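The values are calculated or read from the model by the stated rules, or taken from the named source; none is laboratory data. None of these values were measured; they are calculated from a predicted model. Methodologically, a virtual Cβ is constructed for each residue, glycine included, from the backbone with ideal geometry; neighbour enumeration extends over all protein chains shown.
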Amino acid sequence: MLTKLMKYENRYLARTLAPLYLAVVMVSGLDRLSIMFLTDGSKFASIISGLLIFLNVIGIIAIAACTLILIIVRFYKNLLGDEGYLMNTLPVSTNQLILSKVLASLLWVIASMIVCGFSIFLLLVKQDFMVQVSQVWQQFWISFRAYAPGTNGVMLIIGYIALFLLGICSNILLLYTAASMGQTLIKTHRVLGGFVSYLIITSILQVFSMVMAFSIPTPVFFRSYSTPLASMNAFLFWMLLFVAILIAVFWALTHFFMAKKLNLE
């Protein structure tokens with residue numbers, strides 16, 4: 001059933017995002033071609049190139065905005081709106097409903113990042129640029145291997161990739177928590193309630209982060225370990241723990257408000 005739920009989630013998101021991805025990549029490709037062939041320095045060439053760059057930037061912003069908006073709107077309409085009457089009668093648990101939306105949203109957030117990154121790459125790619133990138137990467141890799149030799153470096157990279165993915169999930173669940181909390185916070189204006197809930201949650205997190213930063217300053221934290229590898233491993237561990245706690249809290253809150261406080265009226 002989880003697979004079927006994700007199929008419908010992906011189909012919904014693909015209807016809007018896939019054409020947008022295609023449009024942005026096409027504009028980026030045209031911009032790349034204009035940079036390669038419109039080299040006479042004429043006013044016409046400058047206008048065309050400038051217009052394509054402008055459209056490309058707008059497209060990248062549109063991808064980011066649409067991805068965020070669709071994630072929120074899909075959750076709200078599908079589970080907290082009129083469609084919620086049908087979704088909550090399906091033979092699936094609340095946890096499965098949440099999981100399907102988190103996984104689908106994670107997939108499309110990553111896809112949006114890849115498309116935006118590829119679009120920017122097409123804009124910037126030049127022979128000199130690629131040489132500079134290669135040199136910077138080689139220097140970084142040499143320094144990284146010096147701090148984290150052998151399998152330690154591989155495990156560290158895997159850990160930070162996991163932290164990145166879990167961080168995306170925690171932010172998705174934060175939006176879900178705010179939306180589900182908002183429909184009980186202000187019952188007559190649930191969208192406003194979701195916005196207020198989001199402000200409350202993020203304010204609490206900011207206060208907590210500031211308290212932790214002042215309690216344990218970053219330089220002091222890193223100097224407390226004997227080697228750079230030990231400090232990076234410790235930082236990764238505590239960040240993974242922190243993000244995992246956030247995910248657990250946001251998941252529990254979303255589940256509670258959906259299972260116990262759902263208001264579809």
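Quick notes on this structure:
- Qualifying residue in the range 73-81 (condition: of a type in the set (Val, Ile, Thr) and either within 20 Å of ARG190 (Cα to Cα) or touching a residue at least 12 places away in the same chain (Cβ under 8 Å) (or both)): yes
- Residue within the range 31-54 that is of a type in the set (A, V, I, L, M, F, W, C) and under 19 Å from HIS255 (Cβ atoms) present: no
- Among residues of the range 48-69 that are not assigned by TED's automatic domain parsing to the domain that holds SER28, none has a Cβ under 9 angstrom from a residue that is at pLDDT 90 or above at a sequence gap of 6+ or on a separate chain.
- When ILE157, ILE204 are checked against the criterion of being under 20 Å from the mean Cα position of the chain (by Cα), at pLDDT 80 or above and not assigned by TED's automatic domain parsing to the domain that holds GLN96, a single residue qualifies: ILE157.
- Against the criterion of being over 18 Å from the mean Cα position of the chain (by Cα), loosely packed, with under 14 Cβ neighbours inside 10 Å and not hydrophobic (A, V, I, L, M, F, W, C), THR3 qualifies.
- Among the residues of the range 75-111, those identified as under 15 Å from TYR176 (Cβ atoms), part of a helix (DSSP H, G or I) and at pLDDT below 80 are GLY84, MET87.
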